[in-house]
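Each remark here refers to the structure printed beneath this line.
The values are calculated or read from the model by the stated rules, or taken from the named source; none is laboratory data. Quick caveat: nothing in here was measured; it's all calculated off a predicted structure. All Cβ positions, glycine included, derive from the backbone under ideal geometry; neighbour counts span all protein chains shown. Heavy atoms of the whole protein, side chains included, go into the accessibility calculation; ligands, DNA and RNA do not. Shrake-Rupley method; radii C 1.70, N 1.55, O 1.52, S 1.80 Å.
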Amino acid sequence: MTALSLLQLHTDNMAPTDMNMMSRITFYEDRNFQGRSYDCSSDCADLSTYLSRCHSCRVERGCVMVYDRTNYMGNQFFMRRGEYADYMSMMGMSDGIRSCRMIPMYRGSYRMRIYERENFGGQMYELMDDCDNIMDRYRMSSCMSCHVMDGHWLMYEHPHYRGRMMYMRPGEYRNFMNMGMSNMRFMSMRRIMDSYY
């Protein structure tokens with residue numbers, strides 16, 4: 001059997017939802033989907049390679065995290081399928097999108113340990129579901145580091161999923177300041193569920 005026929009056999013047996021698991025976004029230089037465009041279906045550390053600026057976008061499928069600085073740094077914004085004709089005024093971005101990261105669809109269990117201080121110091125609690133206020137639930141004044149074991153999460157600066165946010169995928173995050181989030185403490189966390197897709 002050739003590689004091509006193996007690939008065809010594999011795709012024939014995939015469920016329709018499996019075929020759309022890849023995120024896809026189109027960026028436009030100007031507001032209202034005008035100007036040059038760039039189609040993206042993978043992480044991009046520097047969009048200026050393709051566009052001189054980026055002021056609107058369409059998320060055609062999946063979920064995407066966009067950043068106002070290159071290399072996935074700076075303020076982050078979560079985007080799900082939809083049209084964003086002028087996201088700069090919608091989201092309060094002072095500059096355009098500079099980088100983006102695709103969020104893969106995930107259907108397993110969710111597990112994350114949050115720590116009160118950097119380098120996994122202070123109080124530690126394990127989350128398996130959304131938490132709208134770590135102060136109310138755990139009597140924790142802030143979260144300064146975390147270890148994501150399973151799933152993909154959004155962490156928010158304020159309770160009730162408000163304020164600046166950060167996308168967390170499986171891994172250890174010893175110090176949020178190293179990720180371009182100086183003076184940032186997280187007070188609520190939410191799972192990125194398959195229903196967002």
MET88: passes all of (1) at negative phi; (2) modelled with pLDDT of 90 or more but (2)
Going through (1) in contact with a helix residue (DSSP H, G or I) (Cβ under 9 Å, 6 or more places away or on another chain); (2) touching a residue at least 40 places away in the same chain (Cβ under 8 Å) one by one, MET65 fails only at (1)
(1) in contact with a helix residue (DSSP H, G or I) (Cβ under 8 Å, 6 or more places away or on another chain); (2) at pLDDT below 95; (3) closer than 30 Å to ARG81 by Cβ; (4) open to solvent by less than 70 Å² (accessible area, probe 1.4 Å) all hold for TYR196 apart from (1)
Does the stretch 53-72 include one or more residues that are surrounded by fewer than 18 Cβ atoms within 10 Å (Cβ to Cβ) and of a type in the set (Gly, Ala, Ser)? no
A careful count of residues in the stretch 92-129 that are touching a Phe, Trp or Tyr at 6+ places or on another chain (Cβ under 8 Å) and within 23 Å of ILE192 (Cβ to Cβ) gives 17
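Give the stretch 158-175 a look and list any residue that's open to solvent by less than 40 Å² (accessible area, probe 1.4 Å) and assigned to a strand (DSSP E or B), or say none.
Kept after step one, since they are open to solvent by less than 40 Å² (accessible area, probe 1.4 Å), are these residues of the stretch 158-175: 159, 165-168, 171, 173, 175.
Once the filter is applied, which keeps residues that are open to solvent by less than 40 Å² (accessible area, probe 1.4 Å) and assigned to a strand (DSSP E or B), the stretch 158-175 yields MET165, MET166, TYR167, MET168, GLY171, TYR173.
Tell me, yes or no, whether the stretch 116-124 has at least one residue that is outside any strand (DSSP E or B), open to solvent by 10 Å² or more (accessible area, probe 1.4 Å) and free of Cβ contacts under 8 Å to residues at least 24 places away in the same chain. Show your work before the answer.
Filtering the stretch 116-124 for residues outside any strand (DSSP E or B) gives 118-120.
Still in the list and also open to solvent by 10 Å² or more (accessible area, probe 1.4 Å): 118-120.
Now drop any that are not free of Cβ contacts under 8 Å to residues at least 24 places away in the same chain, which leaves none.
Looking for residues that are outside any strand (DSSP E or B), open to solvent by 10 Å² or more (accessible area, probe 1.4 Å) and free of Cβ contacts under 8 Å to residues at least 24 places away in the same chain, one finds none in the stretch 116-124, hence no.
Does ASP150 satisfy being under 17 Å from the mean Cα position of the chain (by Cα), over 30 Å from ARG58 (Cβ atoms) and not assigned by the TED database to the domain that holds GLN34?
Details: under 17 Å from the mean Cα position of the chain (by Cα): yes; over 30 Å from ARG58 (Cβ atoms): yes; not assigned by the TED database to the domain that holds GLN34: yes.
Taking the combined requirement at face value, the residue satisfies it.
Restricting to the stretch 104-115, give me the number of residues that are polar (S, T, N, Q) and crowded, with 18+ Cβ neighbours inside 10 Å.
At the first step, the residues of the stretch 104-115 found to be polar (S, T, N, Q) are 109.
Retained after the next criterion (residues that are crowded, with 18+ Cβ neighbours inside 10 Å): none.
Number satisfying all stated conditions: 0.
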Can TYR196 be described as closer than 26 Å to ARG61 by Cα and not small (Gly, Ala, Ser)?
yes
Scanning the stretch 125-151 for residues that are within 23 Å of ASN178 (Cα to Cα), in a loop (DSSP other than H, G, I, E, B) and not hydroxyl-bearing (Ser, Thr, Tyr), the one most open to solvent (accessible area, probe 1.4 Å) turns out to be MET144
